[in-house]
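Any read-out appearing in this document is the output of simple, stated calculations on the displayed coordinates, not a laboratory observation. Predicted model, so just to flag it, every value in this text is computed and none were measured. All Cβ positions, even for glycine, are placed from backbone atoms using ideal geometry, and neighbour counts span all protein chains on display.
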Ligand SMILES: NC(=O)c1ccc[n+]([C@@H]2O[C@H](COP(=O)([O-])OP(=O)(O)OC[C@H]3O[C@@H](n4cnc5c(N)ncnc54)[C@H](O)[C@@H]3O)[C@@H](O)[C@H]2O)c1
Ligand SMILES: O=C(O)C[C@H](O)C(=O)O
Ligand SMILES: [Mg+2]
């Protein structure tokens with residue numbers, strides 16, 4: 001709780017610094033920053049009182065309302081008399097939440113995970129500040145509940161779990177209305193939107209309207225990791241129908257029960273949504289999430305030069321994979337510059353797989369001299385296997401996005417391979433350094449495939465089983481370590497526990513998930529005020545993540561940070577994105593920090609600027625004023 005004497009002390013030191021600024025320009029920056037910090041202590045003006053306040057999750061403090069506030073807001077007598085500190089409140093809440101753990105302590109496969117999701121969700125609905133305080137303080141424990149894998153389960157069970165709406169729904173029925181509907185959202189300012197059409201939720205397929213859960217989960221991380229103000233995030237579901245036959249027949253399904261719109265009709269709906277949100281909030285950033293590949297690439301190309309948007313599955317995943325792939329090179333005791341020598345087999349050529357392939361090829365090409373022949377030769381380091389097997393130039397009706405990675409037929413046959421060769425055959429013949437899965441097929445890295453990987457020419461083969469949620473992972477870390485060997489590098493999209501290898505050795509299980517990048521990409525874009533999200537900004541984010549791990553960690557097989565460091569890594573990623581936006585002359589500034597001021601900031605000052613603009617879950621003092 002902010003206390004007034006602190007505020008007065010802080011204000012008088014601010015005035016002193018503001019006076020100094022007349023004579024000392026360096027103090028100007030300092031004062032600007034202090035001013036930003038002080039904002040957190042300013043009272044928040046509310047236009048409601050009594051039960052309306054207790055029922056508003058943005059302002060509700062529950063038992064933590066002080067007596068003076070209870071008087072000021074007409075809630076004296078509406079709460080039990082004992083005023084609790086926010087710590088005591090959390091203690092009470094945790095007693096309830098932890099009760100579920102007495103019989104089940106199995107981490108991600110916890111049978112009570114959905115019950116925990118429910119309890120946390122109810123807290124989210126009544127007191128956002130406290131919800132995020134709990135989430136931030138226990139991120140390692142609860143990210144797997146509010147995010148992957150449990151969020152997948154919550155999406156699948158959405159009809160039964162639905163209590164209160166969160167976010168906005170734009171449906172095919174709303175065509176022509178979106179521009180006015182968008183004003184139904186209560187917040188004057190929105191910084192971040194995560195939008196999905198529910199067509200490919202994690203590896204669970206088309207979940208229709210139920211996919212809104214993934215947008216909510218991603219935005220939880222925007223608040224927890226990036227410190228985006230929870231009052232300025234907006235989850236969005238664009239319901240254009242579903243092709244999930246089960247949902248189409250389910251009498252309890254909450255979305256439109258018709259087949260998905262397609263073609264121009266579909267694009268017109270998304271166009272209308274984009275126009276509507278950017279008209280009301282011209283500075284908003286829109287993250288596209290879990291759109292089927294068919295639309296993911298097309299929509300990204302359509303909007304990326306016109307709007308502040310990115311596709312997390314294509315671009316966020318690519319950056320995280322690049323950071324991991326570079327980590328795997330370092331873990332072999334080799335310099336990153338050896339990356340272009342790596343042989344990489346990728347299983348899955350959807351939005352995520354193709355995103356990773358393009359980014360990895362570009363990264364290699366840059367290291368090889370950044371010319372056409374470098375790009376050509378980088379392309380030869382990849383073997384791509386999809387549902388129909390190895391992709392070669394003989395593939396009929398090949399996707400345009402996959403075409404650049406199709407192997408030449410003669411080249412493949414020289415290696416003993418052919419169009420449609422199985423994953424096990426490809427791994428056996430190629431003997432890759434890296435096997436990376438973005439196929440959504442649980443168990444795809446079977447015993448046969450992993451046995452084949454034992455023939456890898458690498459001193460330390462790397463396995464990335466990146467599909468989500470847990471049951472869709474291409475293999476488990478136990479399978480990988482026990483079959484391929486103790487020395488491998490392992491990463492998975494959803495969290496698994498480390499593996500006890502015996503003899504006191506641990507097989508480290510990294511979480512290779514785009515959660516290490518998207519919050520920083522969003523925050524960095526916001527604070528730079530860049531009008532678009534450039535390739536350079538995405539590359540800077542990936543490089544920052546790659547450089548985050550120390551040599552010592554990497555040699556131990558730890559190539560991604562633990563979730564407990566997510567707020568710190570996000571701050572650094574955001575700073576790298578701001579810096580790149582400034583260097584590319586894209587930064588237009590944010591609030592009092594205009595483009596000219598931004599250009600003057602040193603590296604440390606950029607980091608400080610980012611840190612000072614991250615929201616923290618502290619109750620503000622509330623003051624009532626009539627509308
Ligand atoms: N870890 C992360 O950060 C992260 C990020 C994005 C996506 N993902 C996961 O990646 C998975 C795929 O996402 P997407 O958007 O690319 O999906 P998608 O449906 O667009 O693509 C799936 C691809 O896998 C291929 N495939 C299917 N069966 C296969 C098989 N037996 N062998 C080889 N390939 C096969 C398909 O042909 C297709 O190319 C999902 O499970 C998603 O959760 C993880
Ligand atoms: O949502 C995640 O956990 C990662 C990724 O965006 C996915 O679609 O699987
Ligand atoms: Mg996704």
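Taking other C-beta atoms within 10 Å as the exposure proxy, 150, 525, 470, 44 rank 44, 470, 150, 525 from fewest upward. Once you order the gyration tensor axes a ≥ b ≥ c over the Cα atoms, which shape class does the stretch 454-513 get: rounded for a/c under 1.5, otherwise prolate or oblate by comparing a/b with b/c? Cα axes put the stretch 454-513 in the oblate bin. For the pair the stretch 396-428 / the stretch 245-309, the C-alpha centres are spaced 33 Å from each other.
For a paramagnetic label modelled on residue 411 (point 7 Å from Cα along Cα→Cβ), amide N atoms under 19 Å away belong, within the stretch 341-366, to 341-349, 354-366. Centre-to-centre separation between the Cα atoms of the stretch 38-93 and those of the stretch 608-627: 15 Å.
Projecting label points 7 angstrom from Cα along Cα→Cβ for residue 163 and residue 500 puts them 3.8 nm apart.
For the peptides 325-332, 455-462, the ranking by packing is 325-332, 455-462, with the highest mean count of neighbouring Cβ atoms within 10 Å listed first.
Using only Cα atoms, tell me the angle between helix 535-548 and the longest principal axis of the chain; keep it within 0 to 90° and round to the nearest 10. Around 90 degrees separate the two axes. Hey, what angle do you get for helix 603-612 against the long axis of the chain, alpha-carbon based, 0 to 90 degrees rounded to 10? On a 0 to 90 degree scale, this one is about 60. Please state the shape class of the stretch 332-381: rounded when a/c is under 1.5, otherwise prolate if a/b exceeds b/c and oblate if not, all from the C-alpha gyration tensor. Because a/c hits 1.5 or more and a/b fails to exceed b/c, the stretch 332-381 counts as oblate. When only alpha carbons are used to place a centre, the stretch 532-605 and the stretch 432-487 end up 30 Å from one another. Per-residue Cβ neighbour counts within 10 Å put 283, 47 in the sequence 47, 283, beginning with the fewest. A protection proxy built from the mean count of other Cβ atoms within 10 Å ranks the segments 228-235, 264-271, most packed first, as 228-235, 264-271. When both bridge partners sit in the chain, DSSP labels roughly 15% of those beta bridges antiparallel. Please label the shape of the stretch 149-278 as rounded, prolate or oblate, based on the square roots a ≥ b ≥ c of the eigenvalues of the alpha-carbon gyration tensor (a/c under 1.5 means rounded; beyond that, a/b larger than b/c means prolate, else oblate). Since a/c reaches 1.5 but b/c is at least a/b, the shape of the stretch 149-278 is classed as oblate. Sorted on the mean count of surrounding Cβ atoms within 10 Å across their residues, most packed first, peptides 272-278, 404-410 read 272-278, 404-410.
As a proxy for reagent exposure, ranking 221, 256 by other Cβ atoms within 10 Å from fewest up yields 256, 221.
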